[in-house]
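Presented below is the structure to which this report refers.
Please treat every number below as a calculation from the coordinates, not as lab data. What you are looking at is a predicted structure, and each value in this text was computed from that prediction instead of being measured. Cβ placement follows ideal geometry from the backbone for every residue including glycine, while neighbour counts extend to all protein chains displayed.
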Amino acid sequence: MSAQREESDDADVAHDEASFADLGLSDVMMRSLAKVAYETPSPVQAGIIPRALQGVDVLGQARTGTGKTAAFGIPILERLNEPVKDRRPRALVLTPTRELAVQVRDEIDRLASGRKLRSVAVYGGKPIKSQISRLQRGADSVIGTPGRVLDHLSRGTLQLDQLETVVLDEADRMLDIGFRPDIEKILRRCPKRRQTLLLSATVAPPVERLAKRYMHKPEVMDFSPKGKRADTIEQRYFT
């Protein structure tokens, strides 16, 4: 895999010096960030947002709780800007669980304040008819689990021909669950000329193989902490 690696120490330096105003964001996005009280970008956001805005593929190693949803959500919204006429999806985010799909959809909706963009979450465990109805009304971005996304593709209720950006969120978890065949089927149906962002807590060989096959010269950014413990997560145990 041809890639440029940026280490987390560099990202920390950038984080110390950067503000959202330094990232080249639109006035609409700056107002949205103020509304949700986002004041300073996390290292993940300061590192990924500028490169994603430039359209490059990014493989980011980042754990939950580091602000990665906004790191890819902000560039998606900035690049979509306004809805197109037929409202076919121009961004697709794949997640390992329905809970994460809903969480990502909600975060993108919060950040989309002031724009007429629609996002739809599709996942199993819920009736598919309501999701079909939402997709038929038009969706600029779709967030979903691989299995349900494939279901919609097979029914013809989801078209990917207008996609500009594909995000694989928590890619290592999706591969651990066994979603690799589904992910590859979906990626093969996406336009070849697209941006791909892959976020993963670890970049094990299966993740590297996926990136090598479906990404174009991705820049590798490592935001992993030095230690094993995630400081943003409070841990308790009961015997």
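For the range 153-239, trypsin sites (Lys or Arg not before Pro) are listed when DSSP marks them as loop and at most 15 other Cβ atoms sit within 10 Å of their Cβ; the list is Arg189, Lys192, Arg193, Lys226, Lys228, Arg229, Arg236. Between Thr97 and Asp22, the FRET efficiency from the beta-carbon distance, with R0 = 25 Å, is close to 0.15. Computed about its Cα centre, the charge dipole of the chain is approximately 1480 debye, with only Lys, Arg, Asp and Glu carrying charge at their Cβ.
Of all the options Ser19, Ser200, Ser133, the one that moves most in a Gaussian network model of the chain with Cα springs shorter than 10 angstrom is Ser133.
Full extension of the chain segment joining Lys126 with Arg31 gains 30.8 nm, where the gain is 0.36 nm per residue of separation less the Cα-Cα distance. Both radii are taken from the alpha-carbon atoms of the chain; with Rh as the Kirkwood radius, Rg/Rh is 0.95. Dipole magnitude for the range 20-90: computed about the Cα centre from +1 point charges on Lys and Arg Cβ and -1 point charges on Asp and Glu Cβ, it is near 300 debye. Protection proxy ranking of 33-43, 67-77, 157-167, 136-146, by the mean of other Cβ atoms within 10 Å over each peptide's residues and highest first, is 67-77, 136-146, 157-167, 33-43. Could you give P(r) for the range 91-207, binned at 10 Å from zero, as whole percent values over all Cα-Cα pairs? That works out to 13, 49, 33, 5, 0, in percent per bin. Pairs of Cα atoms under 8 Å, at least six residues apart: use those to get the relative contact order of the range 83-185, whole percent. Worked out over the range 83-185, it gives 41 percent. Note on the range 150-239: the C-alpha convex hull projects to 8.6 nm² when averaged across all orientations. Taking amide H as placed 1.01 Å from N in the peptide plane, Ala121 has its amide H under 5 Å from the amide H of Ile143, each at least 5 places away in sequence or on another chain.
In whole percents, the pair-distance distribution calculated for the range 45-122 from its alpha-carbon pairs, binned every 10 Å from zero, is 16, 53, 29, 2. Remark: the range 114-127, residue by residue, has Karplus-estimated 3J(HN,Hα) of x, 10, 9, 9, 10, 10, 10, 9, 10, 6, x, x, 10, x Hz, where x stands for each Gly or Pro and the curve is 6.51 cos²θ - 1.76 cosθ + 1.60 at θ = phi - 60°. Charge dipole (Cα centre; +1 on Lys/Arg Cβ, -1 on Asp/Glu Cβ; no other charges) of the range 104-183 amounts to roughly 520 debye. Relative contact order of the chain: 30 percent, from C-alpha pairs under 8 Å at least 6 residues apart in sequence. If you take the charge dipole of the range 97-239 about its Cα centre, with +1 on Lys and Arg Cβ and -1 on Asp and Glu Cβ, which of Ala101, Val203, Leu117 is farthest toward its positive end? Value: Leu117.
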